[in-house]
């Protein structure tokens, strides 16, 4: 399936959540350059035999909006089948394929940041956690039973986590011995000093059925 046909099927199925589209991929490409293996060697003063396989190797370099570059290659097994235009098309397609995971990561990070910012705007609490164990712990941020964040807290490490209103932290080691830490009341009803009331020292996690 081509990128275009996949996009058509996505639209037909009504999948409208944020995603990377062929249009987005095209937008981020600002420049493109092509050259063969022979041209690369000759440009640096080298010499290539007339029957060198480098004549069958085509490169495509795509420059993206932020200046990052991706490359694609095309090699022809049989010299009789070599076609410069077709070689450039294949090399470009291979370069474009490398943009998709990059854009996918950027989109996921943006959605993550938007979620984090929304929780903060809605009055998320900050929970300080000190891992007093000699092993790493997995810290999961939960809201309404759903996982909204995950972090590894190494031995003796301290960190601060944003916990959305009504949410909690699930802290567990590799054996799933767990301790759940809830953020302090939003009204500040606890009597501990302000800089200590949100601190949780995880020393002996409780067993969990999770």
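The values are calculated or read from the model by the stated rules, or taken from the named source; none is laboratory data. Only a predicted model underlies this, so the values are computations on that prediction, with no experimental measurement involved. Ideal geometry is used to build each Cβ from the backbone, glycine not excepted, and the neighbour counts take in all protein chains shown.
Structure notes:
- Only listed residue being closer than 18 Å to residue 3 by Cα and at pLDDT 95 or above, chosen from 29, 63: 29
- Applying the condition of being over 29 Å from the mean Cα position of the chain (by Cα) and in a strand (DSSP E or B) to segment 52-64 and asking which residue is farthest from residue 91 (Cα to Cα) yields 57.
- Scan of segment 1-51 for residues that are over 35 Å from the mean Cα position of the chain (by Cα), loosely packed, with under 14 Cβ neighbours inside 10 Å and either at positive phi or in a loop (DSSP other than H, G, I, E, B) (or both), ordered by number: 44, 45, 46, 47, 49, 50, 51
- Conditions (1) part of a strand (DSSP E or B); (2) at pLDDT below 60: number failed by residue 129: (2)
- Check on residue 88, touching a residue at least 24 places away in the same chain (Cβ under 8 Å), over 25 Å from the mean Cα position of the chain (by Cα) and in a helix (DSSP H, G or I): yes
- In this entry, residue 67 passes the filter for residues that are closer than 28 Å to residue 112 by Cβ and either in a loop (DSSP other than H, G, I, E, B) or out of contact with any strand residue (DSSP E or B) (no Cβ under 7 Å at 6 or more places or on another chain) (or both).
- Lone unmet requirement of (1) touching a strand residue (DSSP E or B) at 6+ places or on another chain (Cβ under 8 Å); (2) exposed (fewer than 13 other Cβ atoms within 10 Å of the Cβ); (3) under 29 Å from residue 114 (Cβ atoms); (4) at pLDDT 50 or above for residue 155: (3)
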